[in-house]
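Reading through the structure tokens given below for one structure.
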Amino acid sequence: MSAKWLLFLRSFLFAILTHLAAFSTPIHKAPALNRTNVDRLAFLAIKSMIKGDPQGLLTSWNHSSTNFCQWQGVTCSLHHQRVTHLNISHGGLIGTLSPSIGNLSFLRVIQFSYNSFSGEIPPEIGRLFRLRQLRLRYNAFTGIIPATIVNCSNLEVLHLATNNLVGKIPDGIGSLSMLSIFSLHDNILQGGIPPEIGSLFRLQELWLYNNSFTGSIPATITNCSNLQILQLGNNSLTGKIPDGIGSLSMLSILDLDDNILQGGIPPEIGGLLTLQELYLFKNSFTGNIPATITNCSNLQVLNLGSNNLVGKIPDWIGSLSMLSTLDLRYNSFMGNIPATITNCSNLQVLILVNNNLVGKIHGNILSIPPTVHWLDLSVNNFGGKLPSLTNSSSLIYLDLSDNNFVGSLHNLVCSNGVKKTGVFDLGNNKLSGVIPECWEKWSSLVSLWLSDNYLSGEIPRTLGSIPLLQFLAISGNKISGGLPSSLLNLSYLKVLDLGRNNLAGIIPPWIGIKLTMLKILNLRSNNFYGNTPNQLCYLSHVQVLDLAHNNLSGNIPRCFNNFSVLSGIETNLEVQFLFYIDGSSVIVGDSLVMKGHEAIYGSFLGLVMLLDLSSNKFSGQIPSELTTLHKLKSLNLSRNQLTGEIPNKIGDMKSLESFDLSVNNLSGELPISLSELNFLGTFNVSYNNLIGRVPTCTQIQSFNESSFFGNKLCGAPLTNDCVHVDKTNTTSDQKEDGGSHKVDWGLIISIALGFIIGFWGIVVSLMLNRSWRITYFRLLRKLIKV
């Protein structure tokens, strides 16, 4: 073959190959472009449903940028350039989740946690068969968990915690055989825990606490042999702990807190050799603590509080050398605290509140390890004198209240191991003597309660040297003297309760000037006298002002309307009075008199709104400014010398639940506006000089008539009816007759003379005229016939 033919043949073949390549190239590449475009369009659809992006996390997601693999939060596979990871967590994003998420078919990880997504989780997620992790926790998703989720057969992590999801755990959840972390805590889920969870053999963590699950713990859960964390607390689970719980040999955390579980604590728990934390708090478990727990040598937290456990605290507790927290509160344990507890060299928290424990404490408290920083032995039967604290003490929280301790405070208060103590409560014991002058040692103290003892003497001057003090209660003792001026240094003080003592003198004005953070000021049942200083009106945050049962006089200050909380101007209120110490919250309670009864207010102390000036010598009128305290719930001005009328706008105090004005010198009528107080539960205006009708309303008429005794009131609920008198007509009649009630003799004589003249005129005429007489009798005859 010649060179010319070879050249032609080569050119011809090249042309054919070039032509085929031209046609084959778009056929090969077009599908790849379409698949990636699906991902891009899905992203734009997701972004369109997001209405808030405060951090600009999705700024790069736009039409102008075609390479979505470089968008923030997006990770693509190297080979296919398809999206495999989508992470837009912690962005503060606001919106709903687009169903287009189901078009990202190569997705393996969805991480949308810590945002503000709402609406339902789209069921299209069930199309993502490659998905391994779905993390949507800490959002506001609502609705049910989509049933299609069980189609994601490769799912390893399902984290939907801390949302507002309702309904049940989807059927078929056991088919997710790859699942290792299953977290639904802090939702509103209900129904039973499905037994098919026992088919999740790879499951390592199960978080279902803080829901409304019912029924028993499925026995099949013991099949999950790889389980390390089992969190079922704060539900409504019933029954017993399943037999065979000890087979979960890898379990490190078992949390069954706050359910309705019962029966004994199974000895099989001793088979959990790797167990570090055991929470059985707030159930109905009975019996003794099983001795097999000693096998759990790695145990760090043992919380069995609020059950019905009995017996003694076992001596073997000292063998748990790793134990850092022991909480046995609210049970029926008796006897002494075992001396072996000193062997728990890592113990930090010891809570034995409300049991029947006894014994005396000598020397250092319990000879507890210096590592203990939280000690609560309150509401037991401990006795003897108070011990001291050594320099090595690290106690931050010390509560010995409601026991039988006797003697002086000096040994404990003046010891050297108190520098770190933030909470100190010795209330309701039998302590006596003076309060020592050693408080400069307590530089970290936030809360001090010495109420309800037999303490005497004066308030120590050094109490004013505690710079961080917020809560001070010495009520129910025999303290005398006045208020030392050093207390004005306590600028952070929120509660000052000195009631039920023998304190005297005037109420110092500096309370209102310097203690401006006060929310509760209780000075009731003392011997304070003089006028109430107007400077108290500077206490704008005050919610409870109790000055009852003193010898205070003068007028009630008009400036009480400056109380911004009671007037409703300040609305950012705390339901609980609490503070944080060592990372834990401490709720403060106080004993207050409301509606005539003394009670301890704890969890709802911040909701109490009270003004009590009763049993003093206040005079003058009730200031109309008090009616602006729209949030006040209890107003007691009884047993004073108040005069004048009840303010007409008293009905503006619509939050009033208790209202007492009894035993004063009030006059006038009851204001009609009283009928607008719809929440009144206690009402008393007895023994005043009130007159008129009791206002008509369901609330007022529901009170006993004794609430109105000693007045000139009428109408229901009183038995005496009101007599109606028309004052206008009576006055008019009196004017018309000139005010005279004598007989009108002129009128009577005129009528008599007229009768005599008329009668005899007719008779004489008939006797003298015959024709008249005939006509008269004819007429009379016709009338008789008729």
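Bear in mind that the values in this text are calculations on the coordinates, not laboratory data. Fair warning: this is a prediction, and the values are worked out from it, not measured in the lab. Virtual Cβ from ideal backbone geometry, glycine too; neighbours counted across all protein chains shown.
Just a few scattered comments:
- For Ile121, Ile513, the sequence from fewest to most other C-beta atoms within 10 Å is Ile513, Ile121.
- Relative contact order of the range 488-729: 12 percent, from C-alpha pairs under 8 Å at least 6 residues apart in sequence.
- The distance separating the Cα centre of the range 459-498 from that of the range 137-180 comes to 55 Å.
- Hydrophobic long helices, here whole DSSP H runs in the chain with Kyte-Doolittle means of at least -0.5 and Cα atoms spread over 20 Å or more along the helix axis, are found at 3-48, 745-768, 770-785.
- Dipole in debye (nearest 20) - the chain, about Cα centre, beta carbon charges: Lys, Arg +1; Asp, Glu -1: 2300 debye
- Ranked by how many other Cβ atoms sit within 10 Å of their own Cβ, fewest first, the residues His90, His63 fall in the order His63, His90.
- Taking N as its residue count, the alpha carbon Rg of the range 488-729 over 2.2 N^0.38 Å: 1.07
- Cβ-based charge dipole, the chain, positive-most Cα from Ala45, Phe201, His80: Ala45
- Computed across the chain, the Kirkwood hydrodynamic radius from all distinct Cα-Cα pairs reaches 34.4 Å.
- Between the range 686-700 and the range 35-88, the alpha-carbon centres lie 73 Å apart.
- Top positive-direction residue, dipole computed over the range 387-488 with Cβ charges, set Phe405, Pro467, Leu483: Pro467
- Between Asn416 and Ile569, the C-beta separation translates, for a Förster distance of 60 Å, into a calculated FRET efficiency of about 0.80.
- Relative packing of peptides 640-651, 711-722 - highest average C-beta neighbours within 10 Å first: 640-651, 711-722
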